[in-house]
Every structure is written in C-alpha cells, then in structure tokens.
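Just so you know, all these numbers are worked out from the coordinates, no wet-lab data involved. Fair warning: this is a prediction, and the values are worked out from it, not measured in the lab. When we count neighbours, we look across all protein chains shown, and the Cβ atoms used for this are built from the backbone with ideal geometry, even at glycine.
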Amino acid sequence: MTNHSIDSIRAGLLKKEFTAEELTKQALAYAEAENPKTNAYLTFSPERALAAAKAVDAKIAAGQDIGALAGVPVAVKDVIVTKGLRTTCASKLLENYIPPYDATAVIRLEQAGGIIIGKANCDEFAMGSSNENSAFGPVRNPVALDRVPGGSSGGSAAVVAQNTAVVSLGSDTGGSIRQPASFCGITGVTPTYGRVSRYGLTAFASSLDHIGPFSRNVRDSARLLQVIAGKDEMDATSADVPVSDYVAALDGNVKGMKIGVPKEWMDGLPSETGDLIQAAVDQLVKLGCEVKEIHLPHTAYAVATYYIVCTAEASSNLARYDGVRYTNRAASANTLADMYRVTRDEGFGAECKRRIMLGTYVLSAGYYDAYYLKAQKVRALIAQDYAKAFEQVDAIVGPVSPHPAFKLGEKVEDPSQIYLADIYTVTGDLTGIPCMSVPCGKTADGLPVGLQILTKHFDEAGMLRLAEAYERSTN
Amino acid sequence: MKITEQEVRRVAELAQLALTDDEIVRMTHDMSAVLVHIDKLNELDTTNVEPMTQVLYEAEETATLRADVEKPSLSNSEAVANAPVTSGGYYKVPRVIER
C-alpha cells in the first residue's frame, strides 16, 4: 500500500481518493506488521504522524497549499534528532535519549507536510557498512533476508525497499547512503558537503558528514532534497549557495553530456559487478552521452586517508558520551575517572571503540604529523584528482561497492577487509562533491547493484538529471 | 606499522575507555591490521602539499558568520532532562575534590 510515490500521494490527496490520516494509519499498520522481517525501524511515532496527517487534511479542507511532501510517510535515520521522539543512534548509551529539539532537515520536511512514521535502525553512531553494529540488532535486507542491507543507513534503505516508507533520510560519511541504496536496489543521494544542514545530525566526522534522501525513484529523491537543501543559520557549515530546481532539472537532455569512467575503479572490479556497471555505461552512450576513460591516480590511497580522518574526528566527537549529560551512566562508577571509562566501555560497541582508539592514536603526541597531517595532505591530492577530472567531464560514473549485499555474519570478523570495500564511496565524502547510487540491475543471484554518479560541487541538478534519464531508459 | 599491547593500553587511557584484557588483545590485532594498510600513504611525497582540513568551495571568508544576537534557548529543565543524575538544575558527578 505504501508503494506510492510523492506525486501519486499528492494526486490521491487532491482528488480526495484518500485522506492523509487514512494513508498514515495504513502506512503505520503496514510498517509495524512488516518490521519483524527486517528490524529496520527502531521506534514508531504514531502520535506525531497522525497529528501531522490531520494538519495536512485540515489544509486540504481549507483549500490551502499542502506542501511538497504532503501526506508522504517518511522514516528518519536514528542519528538525526527528533524533538520528544527517542533518538538512540543505535547505541546502548543513548537507549533512552529524548532530544529537546528537532534537526533542521526534520523541521523542513515536516513543514512541507511530510509524515514521520518512525526512526530507522543503523550502525551505532553511523559507524559501519553492514548495519550489523546496531546495539538493537542487525537489519535484514528486504531483497534477500539472509543478507545485510548495507550500512550505516541500513534501516533507512531497507524501509524504502520494503515499502514501509515512501522516502527516508539517511546520513553519509564514507558511503553510508550510497552503499545501502546499492545493496537494497533503491536510489540514495549524498548531496554536496554543506548543501543540507547538519543541525541535529549526531556528529560522527564533522568534515565528512552529510544528510541525504533515499527513494524508490530518482524524482522522489529530487523532491525530498529540494525541501531539505539550503542555508541554515543553525549550521555554520551549511552553504549559502542558491538551491537549484532539482525536479525541473530532471526533464533536461543528457545528450552530449561528458561522462568519465575512472580506469582505477574499473580495473580489478569483480566481474559480475563490473559487467553490470559496463552495461550501464553502454546505456549512457545510447542516451547520447560522450563517455571517456579518466584517471583518479590517488584512488589506492583513499581508504587509508578516510580511516585516519574519520576516526580522528570521531574520537573527538564521541568524547561527549561521558556519563554526565545525556547517556546512561555505569552503575558501578564511584569516581569521576570510572564514570567516564566504565560508562564508555559498557556503552560503546566494538566498532565504535575501534574507531575511537584509532582516532585517539593518530592524533596522539608523536603521531599527529605522521598520520593525521599526512592524511589531510593526501586528501588534498585526492581533491586535485577530481578537480582535474572535472576539467574534462561533467560527471563521473562507476561502481558503488565491489560486491553486492553479503550474508549476515559473513564479514564481522575482519574489520580491515570491510573498510577496503569502501574504496569507491569515500572519495565523494573526502572531496565533498555530490554523489548518488541508482539501481543498475541485479546479479545472477538476484542481488541489486548500484551505479554511482558524481558531479561537481553543487551540481546536484546535473547528477539527478543523468540518473533520471538512465532510470527512465531502463524501466 | 604494528602497534603493541602496551601502546594500546596507553591509547585506551587517553580515550577514556576501560578496555578488558580480552578487548586489549583483540584491539591490538585490529588496530595493527588497519595501521599496516595506512602505511601505504608513506609511498606519497607530500612535502609541498597544503593539508585539506575542510571541504572548500568559492565563498566569502565571512560567509559563515551571523549577527551575535540573543535568542531563546533551552530552559534549564530541558537542558538537563536527559542527564542520568541531576541536582537543583545541575549535572551531578562523583565527588572530585575531598573536603
């Protein structure tokens, strides 16, 4: 029943085929009934949702403008705060945390008539790429229930793939929107750094964190991004750059668009994923795009750079979980030092501890220059690779992940191997350019694979246009 | 570069984590695996490269500044509502200084 798009809900509401309240009740009932299959929702918000739905119905009755997302059931990743609605970050530490304010993205989507029906499961503090690091149990991939949905925004991707929400919000620091979108066969968009306010996004790595949409078609992501994008005085890193009309941009032509395919990405790509990406590239040629091979020479250094920068920033950001202000406190803590240490040891899961430890190490006296400063310099080299590439092309396309969704438990033993699979996604975050995943077919086992599209800073319009043209031509 | 158990214990102290002995062993293994991969960056000469601390794009230097004006903020009770232990509107922590 929630196999709706934003447009079909709007049409249904305006034609009086259903009310927002009816649709919301159905969406909640369906989502609650289906959730045990995937564990994608951590919390449902029926009161908030029904109040928002009634407000939409009242506007329809009064003949007022109903807003761009009127009546649309939305899920919000549980690292994005919602006033009065539990926000756990999928961590035991914040099991009972009730935020006193709303994130800006949440305020904007509710002002546009969006209906938040619940909070989506994820990896703890958005650290992971399988959603197996949640303190409240893993999420299962709706496409193949014995497999992971990807991470860290695994729940946000799963609810959209499972039809238990129409669109959702996720966050991306090293691939956490694009990779789960790819694994679950849906669209996921990481906008330009600063395009969407992070006010109310629980900080993981502040120079890399983004909020972005998930949807079942490109148009819905464009509509949701339109609502949440733009300068916000509550976030000093939000960009004071005009927001394009993303939906209008979808109707543009992609003929003659120059597309680069990085040689360093295609070499060594496992054949099944590689064949699907190559077929997608061939399709872009059929659409009239001019495709050429390009080089991103520092590709092999991206993962190392990313895991220094992100862990360093994480170790600093996660220092606030100290048992004083908004976390559970270890019952056994009798001294201040114990309060910090035991609270944190009991509260954080293994992956968070690994990243805090690595980050603390690379920032510690004697190692700062060798690791953190070195990584910031290589980050500049990676950004130069992209700047040079975009002198020749309008967009870059390639894989999102070297492999499709893997089985639950298959990779938990070896974190360094999991990290290496982030090779195609981390550079988008390190450089801050917009990037997205759009479905480009399935493997012989029926597992979805995503095509990644990246454009210049603030060219979300060009990226979405290319994605939509590709989507339309393959449907 | 591999890391020793002794170094891991020192980092755990800096990070305010009370890791168990088992966790120290596992952490030493996991951190070493990542640090060995990270050594790859030493292949690159970055002598004359400016570090990139933030994502940069064309903008005024003062683009992120706003007027310093007083605005409503959280009430005291809202601000401390999520704390595990409070007293009289303050956060309460274990005694730090003996009387």
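Brief remarks follow.
- Order by protection proxy (mean Cβ within 10 Å, highest first), peptides A:415-423, A:317-325, A:103-111: A:103-111, A:317-325, A:415-423
- Per-residue mean of C-beta atoms belonging to partner chains within 10 Å, peptide A:308-315: 1
- Between the residues A:ALA11, A:SER153, A:MET127, the greatest Cα displacement towards the positive end of the dipole of the protein assembly as shown, with unit charges on the Cβ of Lys, Arg, Asp and Glu, is found for A:ALA11.
- Cut-off under 5 Å, modelled amide H: who pairs with A:VAL241 long-range: A:LYS231
- Take each residue in A:333-341, count the other chain C-beta atoms within 10 Å of its C-beta, and the mean is 4.
- From most to least packed by mean Cβ count within 10 Å, the peptides A:226-233, A:132-139 give A:132-139, A:226-233.
- Cα convex hull of segment A:25-138 - mean projected area over all directions, nm²: 7.3 nm²
- Value of D in µm² per second that Stokes-Einstein yields for segment B:1-82, Kirkwood Rh from Cα pairs, at 37 °C (0.692 mPa s): 180 µm²/s
- Taking amide H positions as modeled 1.01 Å from N, with prolines and chain starts lacking one, the residues under 5 Å from A:LEU42 and 5 or more places away or on another chain are A:LYS119, A:ALA120, A:ASN121.
- For the protein assembly as shown, the calculated P(r), taken from all Cα-Cα distances in 10 Å bins from zero up to the bin holding the longest distance, is 4, 18, 29, 28, 16, 5, 1, 0, 0 percent.
- Whole-Hz ³J(HN,Hα) from phi, Karplus 6.51 cos²θ - 1.76 cosθ + 1.60, for segment A:369-386, glycine and proline x: 5, 5, 10, 5, 5, 4, 5, 5, 6, 5, 4, 5, 5, 5, 4, 5, 3, 5
- Neighbouring partner chain Cβ atoms per residue of B:8-14, average, 10 Å criterion: 5
- Relative contact order, percent, segment A:6-249 [alpha-carbon distance under 8 Å, six or more residues apart]: 18 percent
- Whether segment A:260-350 is rounded, prolate or oblate, judged on the alpha carbon gyration tensor where a/c under 1.5 counts as rounded: prolate
- Around the amide H of A:LEU296, modelled in the peptide plane, lie the amide H atoms of A:LYS263, A:GLU264, all under 5 Å away and 5 or more residues distant in sequence or on another chain.
- Magnitude of the charge dipole, the protein assembly as shown, Cβ model with Lys/Arg +1 and Asp/Glu -1, debye to 20: 980 debye
- Descending by average beta-carbon neighbour count within 10 Å, the peptides A:352-365, B:6-19 line up as A:352-365, B:6-19, the highest first.
- Which of A:ALA461, A:ILE396, A:ALA350, positive extreme of dipole for segment A:344-464 (C-beta unit charges): A:ALA350
- Global form of segment A:372-455, assessed from the alpha-carbon gyration tensor, a/c cut-off 1.5: oblate
- Members of A:LYS37/A:LYS411; A:LYS377/A:LYS456; A:LYS77/A:LYS377; A:LYS292/A:LYS411 lying beyond 26 Å, as alpha-carbon distances in this model show: A:LYS77/A:LYS377; A:LYS292/A:LYS411
- Net charge dipole, segment A:6-249: roughly 300 debye, given to the nearest 20, about the Cα centre with Cβ charges of +1 for Lys and Arg and -1 for Asp and Glu.
- Top positive-direction residue, dipole computed over segment A:221-363 with Cβ charges, set A:HIS295, A:VAL227, A:ALA333: A:ALA333
- Distance between the pseudo-spin-label points of B:VAL96 and A:GLU293 (7 Å out from Cα toward the beta carbon): 6.2 nm.
- Per-residue 3J(HN,Hα) values for segment A:246-252, derived from phi via the Karplus relation 6.51 cos²θ - 1.76 cosθ + 1.60 with θ = phi - 60°, read 5, 6, 4, 5, 5, 7, x Hz in sequence order (x marks Gly and Pro).
- P(r) histogram, all alpha-carbon pairs of segment A:6-249 included - 5 Å bins from 0, percent: 1, 8, 16, 20, 21, 17, 11, 5, 1, 0
- Globularity ratio of segment A:184-305, using Cα Rg and 2.2 N^0.38 Å: 1.26
- Shown in residue order for segment A:54-59 are the 3J(HN,Hα) couplings computed by the Karplus curve 6.51 cos²θ - 1.76 cosθ + 1.60 at θ = phi - 60°: 5, 5, 5, 4, 5, 5 Hz (x for Gly and Pro).
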